[in-house]
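The values are calculated or read from the model by the stated rules, or taken from the named source; none is laboratory data. All values derive from a computational prediction rather than experimental measurement. Please note: Cβ atoms are built from the backbone with ideal geometry, for glycine as well, and neighbour counts cover all protein chains shown.
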Amino acid sequence: MRKIVSLLLVLAVVLTAAPLAAFAELPAEIPFSISAGKVEDYIVGGYSYTIYGDPEAKTADLYTVSATPGAESEVFTFTEDRIAYGYDAAGQYVCSCAPTADGNYENGGQTGALTAEIKLQADGKFPTYLVVQTPYTSDWKSDTLYAVKFLQEDSASEADPQGGFTYGTLMENIAAAYAEYDNAWACVSLSAYGAKVPAKTTGSDVSKALAAIASNASEEEVKTALAALADFDVEGAFAEYTAPYVLLAYDAYPSYELKGVKSDRDALAAKIIEVLVNFENPYYSADLVGMLTPALQKYYVAEKYSANLGISEENYNKVKKAVDDAFAWLSKNQLADGGWDNNYGGIGVSNTESTAMAIIAFSAYGIDAGSDERFVKNGKSAIDAMLSFALKDASGFGHDNASVGDGFATEQAFRALVAYARFKQSGKSFNLYVDAKDCKEAIAAPEMNVVREPEFSDIGAEAWYGSSAIKAARYGLFKGYKSEGDALYEFRGLEGMTREMFVTVLSNLDKALGREKAEVASSGFSDVVAGAWYEGPVNWAYAEGLSAGMGDRFGVGEKLTREQMAVFVYSYAKKLGVAGADVDYGKLNEFKDVEYVSSYAREALAWLTAEELISGRGGNIIAARADSNRAEVAAFMVKCYTYFLDKLM
């Protein structure tokens, strides 16, 4: 392993906006020269960083350099031996300081070198910052001397990463990619889409039977495919995952005579109902509701019982309640971004597959997944949630993100896209598995643009808080920054969090949990400007008893410390009734700096650490009085959201 790894564990440089930074004239002697660029500015204390194990921020001077347009590298020459490391805007180390003949680190910074060559990264830019340090001593100590920031033109971006294509384009692209794809499930969707499908398909027996029916295969081929289902046993292990599709296959081809089958329609319906009425089982999920309920649609819509339905009157009488309760379960378990998770895999993280299966079920019952108030949370519908995972190039979907394509997610999302489009086109229920065979006309896509999950230009691939930032934005807790004329959004994770920013996030969390907000009177704080973006959240926090302010002031513009954040959230938890009367101080007392926790915050931090909602910084310190930043708050509030959601369900 290269020594550079060890060094990065010793020194963690974190870029922030130093509050005491001030512009100054360029020094008479600049401690470096560059091959082509130009030194533009100098800021005293303009660079801030922390070292693991030490919560106190340190500062160094910051030089700003304009990069030379078209240059592939910049060579820095130092007056003394120096180490030079590259960092991106989020404070993440980037291996962009290629070694020279003087250097001795592979693909990293240089130590004991008089020069450092800074090369372009994969995105065609130099690293945002260059951190210059003294060479390491024998016991691996080094001092940060100063930092250099590169000014460089952003590459042009014609498409807003939050959208850029339509529902129809997305559906068309996937359909085109599936034109020669023989997967049976994809072929069912292609038939419903109105496209030609391959003559032979691959997959399970039940998926091939459904594909044969959907594509209007010959009677002999359909009967052969259905005959393969005769041995299916509803009493077998995990039978609930196949039973609905067997029943759907029989109902999609009603002329097929069920002779000599282990599980007839009534047995299949009984199994499905049995699972639905016991749906508080922790292993059940939105995926399973989406599989089971379409199979009962035929019986749900039948106005009265008839033996021709093929199931017993006893089971017929159970269908409506089973389906209604299942949809109520979906409404209860829908997340703030409008989607669903797989339940047993961790609450609070929605994904494409679970959300898609729910949309397919809604379409089968004539429920609008884009507007039905039962399935809109925090202003986000099930359709919004699923489309947020569409890939940037409109070629498919990711599992729980819009960055990495996933085959299963794309296939199931395509089913949902088609089912919802058919429902919207006709205004009537569309049960994809049964109705696909009747789709002869071209499909009409709903007129909507795809709004994908939040994407931030300043979060590197390895940023520790990247996932939390996206979830925080997805759940409506945070919003990114967008400069005028800039197509990219910034999260600014290392920017300090102010008190008014935090109560805004807390107010957004309250909304995401579905709590009703009453009109609140003015808090009366002298520093709250009428009509300001934070006025409503500050008034709400005051009315809820979460903040009494600081005398006649709220503290607008003041940095939020970690212990202040803890008190806000603990007060909110007590308001919700999820914080118990007895607080365990055990975990809090394990921190080396617990003696520095303010008396007013001890109980709050004890509860939060006991519930594992907040952890310390490196070196077993809680850093209670340290300022918080947007990255920390995002990770913390995502944890709080999932915790409160679980407690309130």
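Reported count of residues in segment 195-225, each being at pLDDT below 95 and either charged (D, E, K, R) or not assigned by TED's automatic domain parsing to the domain that holds residue 181 (or both), is 2. Given (1) buried (at least 19 other Cβ atoms within 10 Å of the Cβ); (2) under 29 Å from the mean Cα position of the chain (by Cα); (3) not charged (D, E, K, R), identify the lone condition not met by residue 610. Of everything listed in (1) buried (at least 19 other Cβ atoms within 10 Å of the Cβ); (2) under 29 Å from the mean Cα position of the chain (by Cα); (3) not charged (D, E, K, R), residue 610 misses just condition (1). Against the list (1) within 24 Å of residue 627 (Cα to Cα); (2) in contact (Cβ under 8 Å) with a residue 40 or more places away in the chain, the condition residue 598 fails is (2). Taking segment 221-243 as the range and being aliphatic (A, V, I, L, M), closer than 15 Å to residue 259 by Cα and in contact with a helix residue (DSSP H, G or I) (Cβ under 7 Å, 6 or more places away or on another chain) as the test, the residues that pass are 225, 226, 228, 229. Restricting attention to segment 297-308, the residues being touching a residue at least 40 places away in the same chain (Cβ under 8 Å), closer than 17 Å to residue 266 by Cβ and aliphatic (A, V, I, L, M) number 0. Just one of the listed residues (626, 548) is among the aliphatic types (A, V, I, L, M) and under 30 Å from the mean Cα position of the chain (by Cα), namely 626.
Evaluate the following for residue 595: is it surrounded by fewer than 19 Cβ atoms within 10 Å (Cβ to Cβ) and over 19 Å from residue 510 (Cα atoms)? Against the criterion (surrounded by fewer than 19 Cβ atoms within 10 Å (Cβ to Cβ) and over 19 Å from residue 510 (Cα atoms)), residue 595 qualifies. Flag not set for residue 566, criterion: within 25 Å of residue 623 (Cβ to Cβ), part of a loop (DSSP other than H, G, I, E, B) and assigned by TED's automatic domain parsing to the domain that holds residue 477. Restricting segment 335-348 to residues that are at negative phi and touching a Leu at 6+ places or on another chain (Cβ under 8 Å), which is modelled with the lowest pLDDT? In this case the residue turns out to be 347.
Within segment 592-612, the set of residues being out of contact with any strand residue (DSSP E or B) (no Cβ under 6 Å at 6 or more places or on another chain) and either closer than 21 Å to residue 559 by Cβ or not assigned by TED's automatic domain parsing to the domain that holds residue 550 (or both) comprises 596, 597, 598, 599, 600, 601, 602, 604, 605, 608.
Scanning segment 235-253 for residues that are part of a helix (DSSP H, G or I) and among the hydrophobic types (A, V, I, L, M, F, W, C) returns 239, 243, 246, 247, 248, 249, 252. Just one of the listed residues (546, 576) is surrounded by fewer than 16 Cβ atoms within 10 Å (Cβ to Cβ), within 19 Å of residue 613 (Cβ to Cβ) and not assigned by TED's automatic domain parsing to the domain that holds residue 335, and it is 576.
Here residue 392 meets the list (1) part of a loop (DSSP other than H, G, I, E, B); (2) closer than 14 Å to residue 287 by Cβ; (3) of a type in the set (D, E, K, R) almost entirely, failing just condition (2). I want to confirm something. Restricting to segment 228-285 and keeping residues that are among the basic types (Lys, Arg) and at pLDDT 95 or above, which single residue is surrounded by the fewest Cβ atoms within 10 Å (Cβ to Cβ)? Restricting to residues being among the basic types (Lys, Arg) and at pLDDT 95 or above, the top hit is 262. Considered as a group, the residues in segment 49-103 that are under 30 Å from residue 619 (Cβ atoms), buried (at least 18 other Cβ atoms within 10 Å of the Cβ) and small (Gly, Ala, Ser) include one that is modelled with the lowest pLDDT, and that residue is 96. Considering only residues in segment 419-437 that are more than 18 Å from residue 245 (Cα to Cα) and part of a helix (DSSP H, G or I), the one that is nearest to the chain's Cα centre (by Cα) turns out to be 420. Out of 312, 363, one residue alone is modelled with pLDDT of 95 or more and buried (at least 17 other Cβ atoms within 10 Å of the Cβ). It is 363. The set of residues in segment 189-208 being among the hydroxyl-bearing types (Ser, Thr, Tyr) and under 16 Å from residue 438 (Cβ atoms) consists of 189, 191, 193. If you go through segment 235-251 and pick out every residue that is within 37 Å of the chain's Cα centre (by Cα) and in contact (Cβ under 8 Å) with a residue 12 or more places away in the chain, you end up with 11.
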